[in-house]
């Protein structure tokens, strides 16, 4: 069998090499090319995008050669089931035709998903299906009405995952090559000769195509190639799951297809968080983010090849699952994904992290909000100016603001001396008020206007710039609080013998330093 596998790999590689050159030249002459229309496309010149035709031809001819050869040497069929091959190949041809149509005419997402669901249902009817999910349902076999939608979900997800990462020269094909090698090894270990045969042929077809697709590419994979490869890999994973231990059947394909699956999940989550339709195209995929970070086109592809290789290597550790092995693989995968996503600086996840942090800090937010609400209630019954001052200090001592200034405006009818016009007092968390002027800070000025529309001055609050979010509902300060404070000032200033402590007058903060 080793000689057979090697021979089919070399034959498929040679066929793909010749077919890719031929398809490239024909597509270029006929104008079947992809134009660089928007920011999502990184190529500068029109290039043909029918590389999937070459891969399909190499794969199909190699399979046919094996079947013809088996007529002369029946031993080649030992352990193999040609009928199972057809159950995979026929729906794969349907997916390939969908890709060709999309490359030449354009297909809507709904048409794509409908055809992919039909092809997945054909796999299910042919015996390639999700049998169980031990992590969720335990060691119980799933009924068909549960297994069918799960099978469709798996096939559609993996098929489109490889299509989604097809954004740079050689990226989708190279990532698929690593995944195909994992499928081949797993099939060999599990004695799934059909899976080994089809995966080694597919690997040869992909490698032959990569000669023309690696940067700088002269032909693109296209939907005909990415959908076809993704579908075949999802189908081979299902076929291998019939002979593999339950855990291996579930875990290895998920980890080995790590990069495209991760890209798909990130894209869906980003669009859901930002409120955009899931099918909206954008330029924020992993490879786009790496390009924005300053990597060259080729460097990005090599980095993502390394990521695919790591996923492939980790998935092979699961061939011999133990408690320590499983824990190590999950820890490495989880840590790597967490660190990688952090460095990509997605705005959506940054906002989600901020909301999560705000949820953790909710107790402090409640405390700060209550201090303002309590101040509003106490200002309504304040009897003199000292009480107003004490209420303000108590309110701002426990919240996220660092200082405040209260500027008072005397009006006719006040009992305060005329010389006290425009008096003010301040409070600060800093030992010296002048130290605040040297800090990078922002301020919020609240005009104090009474319910009778009389202007009573202003309250200026200050906060030093910080990485920590303001843990206070600012609406509490800008709505009821300034009106209540203005009414309190109005009330105490119109009382007889209003005295403001002389020690509270001081030089205002220098506005120029703010």
Selection count where residues are within 27 Å of residue 253 (Cβ to Cβ) and assigned to a loop (DSSP other than H, G, I, E, B), scope segment 330-348: 1
Whichever residue in segment 135-149 is at pLDDT below 90 and assigned to a helix (DSSP H, G or I) and, among such residues, is surrounded by the most Cβ atoms within 10 Å (Cβ to Cβ): 147
Wholly within segment 412-510, helices (runs of 4 or more DSSP H) carrying at least 2 residues that are at pLDDT 80 or above and in contact with a helix residue (DSSP H, G or I) (Cβ under 9 Å, 6 or more places away or on another chain): 474-478, 480-493
Residue check, residue 127 under 24 Å from the mean Cα position of the chain (by Cα) and either outside the structural domain of residue 85 (by TED's automatic domain parsing) or at positive phi (or both): no
Condition met for residue 63 (modelled with pLDDT of 85 or more, surrounded by fewer than 21 Cβ atoms within 10 Å (Cβ to Cβ) and either in contact with a strand residue (DSSP E or B) (Cβ under 9 Å, 6 or more places away or on another chain) or assigned to a helix (DSSP H, G or I) (or both)): yes
Meets criteria (without any contact (Cβ under 8 Å) to a residue 60 or more places away in the chain, surrounded by fewer than 16 Cβ atoms within 10 Å (Cβ to Cβ), farther than 20 Å from residue 53 by Cβ and in contact with a helix residue (DSSP H, G or I) (Cβ under 9 Å, 6 or more places away or on another chain)) for residue 114: no
Members of segment 389-410 found to be buried (at least 17 other Cβ atoms within 10 Å of the Cβ) and assigned to a helix (DSSP H, G or I), listed by number: 389, 391, 392, 395, 396
The lone exception for residue 118 - which of (1) modelled with pLDDT of 95 or more; (2) farther than 29 Å from residue 200 by Cβ it fails: (2)
Positions within segment 94-122 being under 12 Å from residue 235 (Cβ atoms) and more than 30 Å from the chain's Cα centre (by Cα), in sequence order: 94, 122
Conditions (1) surrounded by fewer than 21 Cβ atoms within 10 Å (Cβ to Cβ); (2) at positive phi; (3) touching a helix residue (DSSP H, G or I) at 6+ places or on another chain (Cβ under 6 Å): number failed by residue 222: (1)
Residue within segment 349-364 that is assigned to a loop (DSSP other than H, G, I, E, B) and either within 19 Å of the chain's Cα centre (by Cα) or surrounded by 14 or more Cβ atoms within 10 Å (Cβ to Cβ) (or both) present: yes
Flag if residue 167 is assigned by TED's automatic domain parsing to the domain that holds residue 234, buried (at least 16 other Cβ atoms within 10 Å of the Cβ) and at pLDDT 90 or above: no
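The values are calculated or read from the model by the stated rules, or taken from the named source; none is laboratory data. As the structure is a computational prediction, the values presented were derived from the model and not from experiment. Every residue, glycine among them, receives a Cβ derived from its backbone with ideal geometry; neighbour counts consider all protein chains shown.
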